[in-house]
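**Q** Starting off with a structure, shown below.
The values are calculated or read from the model by the stated rules, or taken from the named source; none is laboratory data. Just so we're clear, the structure is a prediction, and the values are computed from it rather than from any experiment. FYI the Cβ positions are ideal-geometry reconstructions off the backbone, even for glycines, and counts take in every protein chain you see.
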Amino acid sequence: MQLEGLIAYLVSQKDVCGKKAMQKLVYFCSEAGVLISARYRMYIYGPYSNEVAEELVDAISDGIVKVDNNGFFSKGINCDKYLEQYKSDIELNVNKIDKVLKTFGDFSPSSLELYATVHFIASSKKHAYGQVGEVVINDVIKAKGRKFTPEQIKDAYNDLVNQGWLAQE
């Protein structure tokens, strides 16, 4: 699915609170199985994709997305045109995208950062070493310093497991 189509659908469903939140929602869409051309790496605020950042700039200039004075992204004047253009891709992926919006759509940017970071590190560790659990929690603490408490990290990890975003140990 083209990123501009995904971004158009996301803002057509709800206003998104800033770049960080948009990055994380697109990340979780990818993790839910929406095939997009974006590579993620760990960055200051969790998983980050240059491709998503560049596409968001283009989406603003193309009128897919508009930004208000508080940094919220909402439907731009050309959003409906892009929704129509990518209608078939959206229909193929709507259940996956809506799952992301249902689970994470009302999260603050900070909570999205926490959950996406926990998910990214847990997925990387599981893939590379088969390790999860305490190792992941310790790595998130190392990556985030004092930004989140160990309890917040454990709660996010457990929520992701309980909601099926991470495998049970």
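**Q** Based on what the data block shows, is residue 38 touching a residue at least 12 places away in the same chain (Cβ under 8 Å), small (Gly, Ala, Ser) and touching a Cys at 6+ places or on another chain (Cβ under 6 Å)?
**A** no
**Q** Next question, about the same structure. Out of the residues in the stretch 44-59 meeting the condition of being under 19 Å from residue 77 (Cα atoms) and of a type in the set (D, E, K, R), tell me which one is nearest to the chain's Cα centre (by Cα).
**A** Residues of the stretch 44-59 under 19 Å from residue 77 (Cα atoms): 55-59.
From what's left, of a type in the set (D, E, K, R): 55, 58.
Working: 55: 14, 58: 18 Å.
Among those residues, the one meeting the criterion is 55.
**Q** Answer yes or no as to whether residue 141 is at pLDDT below 95, part of a helix (DSSP H, G or I) and in contact with an Asp or Glu (Cβ under 7 Å, 6 or more places away or on another chain).
**A** No; evaluated as a whole, the condition is false for this residue.
**Q** Just give me the residues in the stretch 41-65 being of a type in the set (D, E, K, R) and in contact (Cβ under 8 Å) with a residue 40 or more places away in the chain, in sequence order.
**A** Scanning the stretch 41-65 gives 51, 55, 58, 62.
**Q** In the stretch 60-80, is there at least one residue being of a type in the set (Val, Ile, Thr), under 15 Å from the mean Cα position of the chain (by Cα), outside the structural domain of residue 114 (by TED's automatic domain parsing) and crowded, with 21+ Cβ neighbours inside 10 Å?
**A** Looking through the stretch 60-80, none of the residues is of a type in the set (Val, Ile, Thr), under 15 Å from the mean Cα position of the chain (by Cα), outside the structural domain of residue 114 (by TED's automatic domain parsing) and crowded, with 21+ Cβ neighbours inside 10 Å.
**Q** What is the number of the single condition among (1) free of Cβ contacts under 8 Å to residues at least 60 places away in the same chain; (2) of a type in the set (Asp, Glu); (3) surrounded by 14 or more Cβ atoms within 10 Å (Cβ to Cβ) that residue 89 does not meet?
**A** (1)
**Q** On the given criteria, is residue 94 under 30 Å from residue 147 (Cβ atoms) and of a type in the set (Val, Ile, Thr)? Let's see the steps before the verdict.
**A** Values: under 30 Å from residue 147 (Cβ atoms): no; of a type in the set (Val, Ile, Thr): yes.
Taking the combined requirement at face value, the residue does not satisfy it.
**Q** Only one of 32, 122, 38 is surrounded by 15 or more Cβ atoms within 10 Å (Cβ to Cβ), assigned by TED's automatic domain parsing to the domain that holds residue 151 and of a type in the set (Gly, Ala, Ser); which?
**A** 122
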